[in-house]
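Below: the structure, in structure tokens.
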Amino acid sequence: EFTRIKTLSDLERELQAAQAAGQPVMLDFYADWCVSCKEMEKYTFPEPSVQAALAGSVLLQADVTANDDLDQALMQRFGILGPPSILFFGTDGAERTAYRVVGFKPADEFAPHVQQAFAVQPR
């Protein structure tokens, strides 16, 4: 369900496509060695309430397992120290910085968080 991205240009391309389609975006920074990332994948993302909150949005995943120069550049662009970090972008393509999620969040907290993040209108 996630579209994998690797570079800043991948991200820009996906954000522009989502903006053109009028869709919000969730960007998940993930790594194979990240325990909290695995917990989000197993317990949070599959929950029906979370799936409903994410319906109609574009789901992107930046796999930063390698922690190479491209991964570092992508994380530095947003000031992220490491995964799991989840960012939300509105239909205008702008990040809703107040709604960043860092670390594990259970489905009963994540679903309403997603709804709020996507409901925010730009000023």
Pair list, Cβ < 7 Å and 6+ apart or interchain, from the stretch 23-42 residues that are surrounded by fewer than 19 Cβ atoms within 10 Å (Cβ to Cβ) to residues that are among the β-branched types (Val, Ile, Thr) and not in a strand (DSSP E or B): Gln23/Thr91; Asp32/Thr65; Trp33/Thr65
Residue that is modelled with the lowest pLDDT [pool: residues in the stretch 76-96 that are open to solvent by 30 Å² or more (accessible area, probe 1.4 Å) and more than 19 Å from Phe118 (Cα to Cα)]: Leu81
Scan of the stretch 70-106 for residues that are part of a strand (DSSP E or B) and either within 20 Å of Tyr43 (Cβ to Cβ) or of a type in the set (A, V, I, L, M, F, W, C) (or both), ordered by number: Ser85, Ile86, Leu87, Phe88, Phe89, Val101, Val102
Flag if Lys6 is open to solvent by 70 Å² or more (accessible area, probe 1.4 Å) and farther than 15 Å from Ala117 by Cβ: no
Matching residues, the stretch 1-22, being part of a helix (DSSP H, G or I) and in contact (Cβ under 8 Å) with a residue 40 or more places away in the chain: Leu8, Leu11, Glu14, Leu15, Gln16, Ala17, Ala18, Gln19
Of residues in the stretch 97-123 being surrounded by 13 or more Cβ atoms within 10 Å (Cβ to Cβ) and among the β-branched types (Val, Ile, Thr), the one farthest from Gln19 (Cα to Cα): Val102
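The values are calculated or read from the model by the stated rules, or taken from the named source; none is laboratory data. From a predicted model like this one, the values you see are computed outputs, not experimental measurements. All Cβ positions, even for glycine, are placed from backbone atoms using ideal geometry, and neighbour counts span all protein chains on display. In case anyone asks, the SASA skips ligands and DNA or RNA and just uses the protein heavy atoms, side chains included. Shrake-Rupley method; radii C 1.70, N 1.55, O 1.52, S 1.80 Å.
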